[in-house]
1. Looking at (1) modelled with pLDDT of 90 or more; (2) surrounded by 15 or more Cβ atoms within 10 Å (Cβ to Cβ); (3) not hydroxyl-bearing (Ser, Thr, Tyr), can you tell me which one residue 150 breaks?
2. Against the definition (over 23 Å from residue 73 (Cβ atoms), out of contact with any Pro (no Cβ under 9 Å at 6 or more places or on another chain) and of a type in the set (Gly, Ala, Ser)), how does residue 152 come out, yes or no?
3. For region 156-167, give me each residue that is within 16 Å of residue 123 (Cα to Cα) and open to solvent by 60 Å² or more (accessible area, probe 1.4 Å).
4. Quickly run through region 75-89 and pick out the residues that are surrounded by 12 or more Cβ atoms within 10 Å (Cβ to Cβ), outside any strand (DSSP E or B) and touching a residue at least 12 places away in the same chain (Cβ under 8 Å).
5. Only one of (1) open to solvent by less than 40 Å² (accessible area, probe 1.4 Å); (2) within 17 Å of residue 161 (Cβ to Cβ); (3) without any contact (Cβ under 8 Å) to a residue 24 or more places away in the chain is not met by residue 127, so which one is it?
Amino acid sequence: MNIFSPIPLFLTYLYNFAKNLSIMAKMYKSTLFVFFMFLASLQAAAGNNKSAAHLYIYNKEYDVFMNLDLKNQSLIVPGHELYGPVAGYMGKTNNSFYWIVISAEKDDQTTTLQLINDFGSEDLTATLTQENDSVYTLKQGKGNTIRLPNKGKWQKMPKTMIFKRSK
């Protein structure tokens with residue numbers, strides 16, 4: 001019996017193992033690539049749903065913004081968590097006073113909003129109309145006039161305001 005006979009057998013085994021390992025590594029890389037592409041498509045789909053449901057619009061002239069979630073109606077108003085999830089809120093930057101959107105009913109291009117101030121002492125109905133992809137018009141309807149603090153005084157907002165979608 002030759003003592004070197006197991007060596008070629010072992011080398012053949014080692015060569016086949018390395019060859020299979022190379023094939024397995026390629027399969028592993030392909031599987032990882034497909035998995036990450038799947039995750040990326042899920043994230044893109046989730047992002048698209050969010051943008052369709054969530055809307056942040058701003059009026060530069062009066063320094064007023066609206067943060068709306070028309071689909072899920074699940075926004076929490078900062079500093080006013082007591083109200084729980086709501087359809088949205090309107091406020092001024094650097095101010096903690098809000099008009100809270102307690103309900104929103106969306107039709108094709110128009111959304112009817114029910115708003116209350118954060119004290120609950122005033123309410124109104126307003127319509128938000130989408131003019132194009134980035135421009136929205138808010139028209140105050142029945143109820144009180146929207147008033148927001150401005151430099152220590154209450155400022156009445158106009159009955160019709162133009163908002164633009166932030167980028």
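1. (1)
2. Working: over 23 Å from residue 73 (Cβ atoms): yes; out of contact with any Pro (no Cβ under 9 Å at 6 or more places or on another chain): yes; of a type in the set (Gly, Ala, Ser): yes.
Taking the combined requirement at face value, the residue satisfies it.
3. Listed by number, the residues that qualify are 156, 159.
4. Quick first cut of region 75-89, residues surrounded by 12 or more Cβ atoms within 10 Å (Cβ to Cβ) only: 75-77, 80, 83, 85-89.
Those still in the list that are outside any strand (DSSP E or B) too: 76-77, 80, 83, 85, 87.
Correct list: 77, 80, 83, 85, 87.
5. Of everything listed in (1) open to solvent by less than 40 Å² (accessible area, probe 1.4 Å); (2) within 17 Å of residue 161 (Cβ to Cβ); (3) without any contact (Cβ under 8 Å) to a residue 24 or more places away in the chain, residue 127 misses just condition (1).
Results for (1) part of a strand (DSSP E or B); (2) in contact with a strand residue (DSSP E or B) (Cβ under 7 Å, 6 or more places away or on another chain); (3) closer than 13 Å to residue 55 by Cβ; (4) in contact (Cβ under 8 Å) with a residue 24 or more places away in the chain, shown as yes or no for each residue.
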{"site": "68", "(1), (2), (3), (4)": "yes, yes, yes, yes"}
{"site": "91", "(1), (2), (3), (4)": "yes, yes, no, yes"}
{"site": "96", "(1), (2), (3), (4)": "no, no, no, no"}
{"site": "103", "(1), (2), (3), (4)": "yes, yes, no, yes"}
{"site": "113", "(1), (2), (3), (4)": "yes, yes, yes, yes"}
{"site": "161", "(1), (2), (3), (4)": "yes, yes, no, yes"}
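One line per residue, one yes/no per condition, for (1) in contact with a helix residue (DSSP H, G or I) (Cβ under 7 Å, 6 or more places away or on another chain); (2) without any contact (Cβ under 8 Å) to a residue 12 or more places away in the chain; (3) in a strand (DSSP E or B); (4) surrounded by fewer than 14 Cβ atoms within 10 Å (Cβ to Cβ):
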| site | (1), (2), (3), (4) |
| --- | --- |
| 116 | no, no, yes, no |
| 120 | no, yes, no, yes |
| 140 | no, no, yes, no |
| 154 | no, yes, yes, yes |
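The values are calculated or read from the model by the stated rules, or taken from the named source; none is laboratory data. Everything numeric in this text was worked out from a predicted model, so none of it was measured. Here the Cβ is made from the backbone with ideal geometry for all residues, glycine too, and neighbour counts use every protein chain on show. We work out accessible area using only protein heavy atoms, side chains counted, and drop any ligands, DNA or RNA first. Shrake-Rupley method; radii C 1.70, N 1.55, O 1.52, S 1.80 Å.
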